[in-house]
Amino acid sequence: MKRAPLTINRIDKLTCPAGKAQVFLWDSEVPGLAVRATPTRKTFIFQGELLGKTLRVTIGEYPAWRLDAPAGSSKPNARRRARELRGLIDQGIDPRELEKQAKAESERLQVEGARKDVTLADVWPNYIKANAGRWSATHIAAHERLVHRGGEPRVRAKVKVTVPGPLAALLDVRMVELTADRLATWVEKENTTRPTVTALAFRMLRACLNWSDEQPEYAGLVPEGAHAAKKVRQKVAKPKAKIDCLQREQLATWFMAVRQLSPVFSTYLQTLLLTGARREELAGLRWIDVDFQWNSLTIHDKVEGERVIPLTPYVSSLLAYLPRRNEWVFSSPTAESGRIQDPRDAHNRALAVAGLPDLTLHGLRRSFGTLAEWVECPVGVVAQIQGHKPSATAEKHYRRRPLDLLRVWHTKIEGWILEQTGIEPLPATNRGMGLRAVG
């Protein structure tokens, strides 16, 4: 290889002859440094020998890289870089491997930097998606409500826009910033207006954070022990067992108030009490689930998948008078889904008219189980009608009562409740609310 001192003039005059892919101009001042010229560009390169093998490293393009630079200058300098590469080879180090390692480290830092920008809003939808296959629609909806940002218009409500869910305030917080102090402050603030819902939100958030720590893309982002810290747990409201339940002496007043509602809501609430079903189980009832011939209801159960319960006379008369707008028994002409979505407002209006204390929709389910004791109905029968898991070995493995036996007791329960209210079903030939006063 012919060598000569590299100069800017020589580099500018260097051209690649026609028919050749490349030519080199080697520097005599720094052994191994050269300018490689191709038909399209000129590049500084360094060539050396390591462990008996020739290696070549690209330094940079000319003129972006200078041949020399003043002392102390940080601009790209080909001769300085060539000397650095020579020093590495003299130490037995392959500069190409160093470059690979540096590139890998740079990419790792970029990924880690991007990971640190991940927020709860990025993780929460993926958490729901990963678990949706084993969650019920109600459970998924509950997770979505907790992070709802609010501000959407509401129909027929005192509050004209939806209120943000309790977790909405944390959505834009980076996962790395979900410290114990941050969570404690959030719980304390939300507790001032909705402690029970906040406790539920915290439990679901905790499950999400535990899940995220098991995922490679999110592992280690949340500060260790943040949601398990004592300062956080102490601020979370302790769950209390609900005790809301209709008493026998309240039945007549409750029924009279509920009967003043629109037919769909009135029937829904009365059926909810008289079947002991869960709120969404009943709201999702379709006409194909109602068998008027054999007097049965097929309830889509969140525990067992589905269960069949008796269609008692009074409930049958109520359902028979409902309008059949679509596939849903409790239909709604205004709801996007075609069925009622939130019966709580209607129920609360009825409670206010009746002057009764607060009573949740789940309290109606609790009322069915409690009122059934007045007719001395076996606990196992009530559990099977309501879709509770068996609580004893005999019930779990040896009791599965046929529909006819359930109907005997279910009809007794319904009859006793109606007796307290002073109302009874209308004959099937009459239309209207399906009710008339006795006496």
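The values are calculated or read from the model by the stated rules, or taken from the named source; none is laboratory data. Computed from a predicted structure; not experimentally measured. Cβ sites come from the backbone with ideal geometry, for glycine too, and all protein chains shown count toward neighbours.
As a summary of the residue check, TRP254 satisfies the conditions (1) under 30 Å from TYR321 (Cβ atoms); (2) buried (at least 20 other Cβ atoms within 10 Å of the Cβ); (3) in contact with an Asp or Glu (Cβ under 7 Å, 6 or more places away or on another chain); (4) not aliphatic (A, V, I, L, M) except for the one numbered (3). Taking the numbered list (1) modelled with pLDDT under 60; (2) under 38 Å from the mean Cα position of the chain (by Cα) in turn, ARG431 passes all entries but (2). For LEU272, state whether it is among the aliphatic types (A, V, I, L, M), over 30 Å from the mean Cα position of the chain (by Cα) and part of a helix (DSSP H, G or I). Answer is no for this residue. Just name the residue that is surrounded by the fewest Cβ atoms within 10 Å (Cβ to Cβ) out of those in the stretch 371-395 that are acidic (Asp, Glu) and modelled with pLDDT of 70 or more. Result: GLU376. Please verify whether TRP124 is in the same structural domain as LEU178 (by TED's automatic domain parsing) and touching a residue at least 24 places away in the same chain (Cβ under 8 Å), treating the condition exactly as stated. Judged against the criteria, TRP124 is a match. Applying the set (1) over 21 Å from HIS148 (Cβ atoms); (2) touching a residue at least 12 places away in the same chain (Cβ under 8 Å); (3) surrounded by fewer than 17 Cβ atoms within 10 Å (Cβ to Cβ); (4) not aromatic (Phe, Trp, Tyr) to LYS189 leaves exactly one unmet item: (1). Screening LEU261 against (1) at pLDDT 95 or above; (2) part of a loop (DSSP other than H, G, I, E, B); (3) farther than 30 Å from ARG324 by Cβ leaves a single unmet condition, (3). Flag: HIS300 does not match the condition of being surrounded by 12 or more Cβ atoms within 10 Å (Cβ to Cβ) and either on the phi > 0 side of the Ramachandran plot or at pLDDT 95 or above (or both).
Within the stretch 40-65, if we keep just the residues that are within 58 Å of the chain's Cα centre (by Cα) and not in a strand (DSSP E or B), the residue that is nearest to ILE93 (Cα to Cα) turns out to be LEU51. Just one of (1) of a type in the set (A, V, I, L, M, F, W, C); (2) under 23 Å from LEU251 (Cα atoms); (3) surrounded by 17 or more Cβ atoms within 10 Å (Cβ to Cβ) fails for VAL353. It is (3). Summed over the stretch 81-111, the residues that are under 46 Å from the mean Cα position of the chain (by Cα) and among the small types (Gly, Ala, Ser) give a count of 3. Within the stretch 357-375, residues that are in a helix (DSSP H, G or I) have Cβ atoms under 6 Å from residues that are surrounded by fewer than 16 Cβ atoms within 10 Å (Cβ to Cβ) in these pairs: GLY363/ASP244, counting only partners at least 6 apart in sequence or on another chain. None of ASN77, ASN131 is within 30 Å of ALA219 (Cβ to Cβ) and either out of contact with any strand residue (DSSP E or B) (no Cβ under 6 Å at 6 or more places or on another chain) or not assigned by TED's automatic domain parsing to the domain that holds LEU170 (or both) except ASN131.
Starting from residues that are touching a helix residue (DSSP H, G or I) at 6+ places or on another chain (Cβ under 8 Å) and under 18 Å from ALA372 (Cα atoms), keep the ones in the stretch 396-410 and report whichever is modelled with the lowest pLDDT. Within the stretch 396-410, the match that is modelled with the lowest pLDDT is ARG401. One residue stands out among those in the stretch 32-56 that are in contact (Cβ under 8 Å) with a residue 40 or more places away in the chain and touching a Lys or Arg at 6+ places or on another chain (Cβ under 8 Å): the one that is surrounded by the fewest Cβ atoms within 10 Å (Cβ to Cβ), which is LEU55.
The set of residues in the stretch 66-80 that are surrounded by 10 or more Cβ atoms within 10 Å (Cβ to Cβ), among the polar types (S, T, N, Q) and in a loop (DSSP other than H, G, I, E, B) contains only SER73. The number of residues in the stretch 156-192 being within 27 Å of ALA335 (Cβ to Cβ), at pLDDT 90 or above and in a loop (DSSP other than H, G, I, E, B) comes to 5. Contact map, the stretch 227-253: first residue within 24 Å of ASN210 (Cα to Cα) and outside any loop (DSSP other than H, G, I, E, B), second residue modelled with pLDDT of 90 or more and of a type in the set (Gly, Ala, Ser), Cβ cut-off under 7 Å, separation 6 or more or different chains; pairs are LYS231/ALA180; LYS231/ALA184; VAL232/ALA180; VAL232/ALA184. Just for the stretch 209-220: of the residues that are of a type in the set (A, V, I, L, M, F, W, C) and at pLDDT 90 or above, which one is surrounded by the most Cβ atoms within 10 Å (Cβ to Cβ)? That would be LEU209.
Can SER331 be described as under 27 Å from ARG248 (Cα atoms), in contact with a Pro (Cβ under 8 Å, 6 or more places away or on another chain) and hydroxyl-bearing (Ser, Thr, Tyr)? No; evaluated as a whole, the condition is false for this residue.
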